[in-house]
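A.B. asks: I'd like to ask some things about the structure below.
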Amino acid sequence: MWFVFILTILFPCIFAGKCPGQAYSTPFNTSSSILTKQLNVFWSIYGNCEEKLDTNDNPFGDNPAWAEWDAIKFSWNNRNGYRDHAQATLFRFPINGIDDTKGNMSKGFLWSWMDTEQWPDARGSHGSIASYHFDQLPRFPVAVYQYYAWTGNRTFLHAILPRVESVMTYLLINMNGSFGIPINKINDGTGRPSTYMDQVKSGWKDAWISMIFYTALTNMIELEKIVGNQNQMEYYQSAANSLSEVFDRTFWNESLGRYIGWIDRNDYQHDSGYVFINLEALTRGLGNQTKADRIFHWLSQPADPIQIGPHNGSTDIYHNVLAARTTTQNVVQSDWDGWSDPDEGRRPYGGLVESGGTMIWLTYYDIMARLRFNHTDEAFEILTRMLDRIDNDSYCLTFNYEKGRYRDDFDEDFVQIGSNYPFPESGIAVVAFLHGFVGVQAKPDGLYICPQLPSLLNFAQAQIDYGTSNLTIQVSKQNTPMVYSITIPERQISVNITPGSCYNLSQ
């Protein structure tokens, strides 16, 4: 892998991929012309969806469950007014008790879907009864935080904060989040799905919902500080203080060396090797070096063999190349909800994105988790493997089942690989280049630039919309001694920092 990448830097003309995609938007630049093109083509296809190929893909989730992912994609970039659109959409999300919205759930419940209180799964084995989802609740405040941190728009914050506080009250009171882990009293972990992973019967004490809730609490502390609401700030601080430790105590399985999926109301632990849960937990600041080492070791070991398709028999967790498997074991049948299974029944392990298949968005968390623990070159290899895979497919790994394009050039099908529609969140994968390698993150008190360039890159650049300014963030290595040179031409800024440190730019 490293040999191939070095050759692409030295002899870029040799390596022309099959992907016909064009870069309509070019926010990224690097010391490798091939990598630069791959990043920008990926963003044009999966980020802002200006490169359609033969699809009609929409760049937005435009639904509550996608709120945070849309924010990761567009909080830093307002090309075509996409940030404005995604930010305005937050006000359209139905919340019981807000704008005369009424539903079966209590005040503060953010609807599972834009136009229905429940998830649109009232078919198949569900009959006419749809499911309530809950992961959208903590994603909402996290999205609001992202937009405020990048724009500094106090008018937006003051206008939306009552909605956010209503949703947080539901999490803290109705779901007992003020005492630690939120409890899903509607779905007890044995009956119905509770999250975007809508064929997995997670519930009661759900690790995915709990880790997003942790992020929501830490974000709310800062937002309430901005508006001067001391009492609310202290309330959220009190709830957040012990949650990291409680999360580890609740979901970490020492014998497995990973976080489990959920605990049902009978106190039974459910686990099928949920890769997405573990990588996202580390990205969100949970766990520690020891736990991270064990998780990364687990991901390097053989998993259960895939039972279908071109990777049949593979035990490699990264057999899809594009991203890791979502699970290292087949989700056990008792934890599987077959409401959308095909008529012939559930597909074998590896045949669906939620059990042994993969989704591109997982790569964002894989990269960010490894960068948190300074596995910089490993993280970079994951990025370049994904981009190379896309570059070597005739349709850049997009599918169009309406036109009968069900398979990619590697004979993988569109229910094994979650790439384009209905997965607009795929675009977050290359935002890891901005957040991680260039190291640009926005917080309410300024823009933090904390570079982590891999050994094979000497220069990286990202163009961002910060506040009302369009800025170019340039990072380059200076080797005598090793320092990062950060340049922001629009602000006439040029500074040197040591690896592991950050430069803070106020608005």
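A.B. asks: Of 488, 149, 80, which is farthest towards the positive pole of the chain's charge dipole, taken about the Cα centre with +1 and -1 on the beta-carbons of Lys, Arg and Asp, Glu respectively?
C.D. replies: Of the candidates, 488 comes out farthest on the positive side.
A.B. asks: Now, a different point. Can you give me the convex hull volume of the Cα atoms of region 179-276, divided per residue and expressed in Å³?
C.D. replies: Taking the convex hull of the Cα positions in region 179-276, it is 109 Å³ per residue.
A.B. asks: Check which residues have an amide H placed less than 5 Å from residue 196's amide H, if you skip close sequence neighbours.
C.D. replies: Residues meeting the criterion, in which the H sits 1.01 Å from N, are 135.
A.B. asks: Here's another thing I want to ask about it. Dividing the Cα radius of gyration by the Kirkwood radius, what Rg/Rh value follows for region 268-358?
C.D. replies: 0.99
A.B. asks: Applying a 10 Å radius around every beta-carbon, put 377-383, 199-205, 340-346 in order of their mean neighbour count, most first.
C.D. replies: Taking the mean over residues of other Cβ atoms within 10 Å, the ranking is 199-205, 377-383, 340-346.
A.B. asks: While we're looking at this one, here's another question. Quick one: of 37/225; 291/443; 18/403, which pairs are farther than 31 Å apart, Cα to Cα?
C.D. replies: Over 31 Å Cα-Cα: 37/225.
A.B. asks: If I stretch the segment between residue 242 and residue 31 completely, what's the gain in nm (0.36 nm per residue apart, minus their alpha carbon distance), one decimal?
C.D. replies: 71.6 nm
A.B. asks: So what J values fall out for region 331-341 if you push phi through Karplus, 6.51 cos²θ - 1.76 cosθ + 1.60 with θ = phi - 60°, rounded to Hz, Gly and Pro as x?
C.D. replies: Running phi through 6.51 cos²θ - 1.76 cosθ + 1.60 with θ = phi - 60° gives 4, 4, 4, 5, 9, 9, 10, x, 4, 10, 4 Hz.
A.B. asks: Please compute the length gained on full extension between residue 378 and residue 344, using 0.36 nm multiplied by the number of residues separating them and subtracting their Cα-Cα distance.
C.D. replies: 8.2 nm
A.B. asks: More than 13 angstrom separation, counting every C-alpha pair in region 153-213; what % is that?
C.D. replies: 65
A.B. asks: Let me ask something additional. What list of ³J(HN,Hα) values in whole Hz, one per residue of region 279-294 in order, does the Karplus curve 6.51 cos²θ - 1.76 cosθ + 1.60 (θ = phi - 60°) give from phi, with Gly and Pro shown as x?
C.D. replies: These are the phi-based 3J(HN,Hα) values: 5, 5, 4, 5, 4, 7, x, 8, x, 8, 4, 4, 5, 4, 4, 6 Hz.
A.B. asks: Now a separate question. What are the ³J(HN,Hα) values, in whole Hz, obtained from phi via the Karplus relation 6.51 cos²θ - 1.76 cosθ + 1.60 with θ = phi - 60°, for each residue of region 234-250 in sequence order, with x given for Gly and Pro?
C.D. replies: Going residue by residue, I get 5, 5, 5, 4, 4, 5, 7, 3, 9, 5, 4, 5, 5, 4, 4, 5, 7 Hz, with x marking Gly and Pro.
A.B. asks: Another question, if that's okay. Measuring with a 1.4 Å probe in the full set of protein chains, what accessible area per residue, in whole Å², belongs to region 63-172?
C.D. replies: In whole numbers, region 63-172 has 34 Å² accessible per residue.
A.B. asks: From zero up to wherever the largest Cα-Cα distance of region 55-201 sits, split into 10 Å bins and tell me the percent of pairs in each.
C.D. replies: Result returned by the calculation: 11, 40, 34, 14, 1.
A.B. asks: To the nearest 20 debye, what charge dipole does region 131-255 have about its Cα centre, counting +1 at the Cβ of each Lys and Arg and -1 at the Cβ of each Asp and Glu?
C.D. replies: Charge dipole of region 131-255: 280 debye, to the nearest 20.
A.B. asks: Using only the alpha-carbon atoms, what does region 455-501 span along each of its principal axes? Please give whole angstrom values in decreasing order.
C.D. replies: Principal-axis extents of region 455-501 (Cα, largest first): 35, 20, 17 Å.
A.B. asks: Another question, then. Which order do the peptides 473-479, 163-169 come out in when sorted by mean C-beta neighbours inside 10 angstrom, highest first?
C.D. replies: Ranking, from highest mean packing down: 163-169, 473-479.
A.B. asks: Let me ask something else. What is the extension gain from residue 491 to residue 409, computed as 0.36 nm multiplied by their sequence separation minus the C-alpha to C-alpha distance, in nm to one decimal?
C.D. replies: Gain on extension, residue 491 to residue 409, equals 24.9 nm.
A.B. asks: So, one more: Pull up the cross-link candidates among the lysines for residue 102, meaning alpha carbon to alpha carbon under 27 Å and not fewer than 8 places away within one chain.
C.D. replies: 185, 201, 205
A.B. asks: Give the long-range amide H neighbours of residue 258: residues separated by 5 or more places, or on another chain, with amide H under 5 Å away, using H modelled in the peptide plane at 1.01 Å from N.
C.D. replies: It is 253, by chain and number.
A.B. asks: Carbon-plus-sulfur fraction of the accessible area of the chain, 1.4 Å probe, in percent?
C.D. replies: It is 48 percent, rounded to a whole number.
The values are calculated or read from the model by the stated rules, or taken from the named source; none is laboratory data. Note that this is a predicted model, so its numbers are computed, not measured. Note that each Cβ is placed from the backbone with ideal geometry, even for glycine, and that neighbours are counted across all protein chains shown. The accessibility values were calculated without ligands, DNA or RNA, using every heavy atom of the protein model including side chains. Shrake-Rupley method; radii C 1.70, N 1.55, O 1.52, S 1.80 Å.
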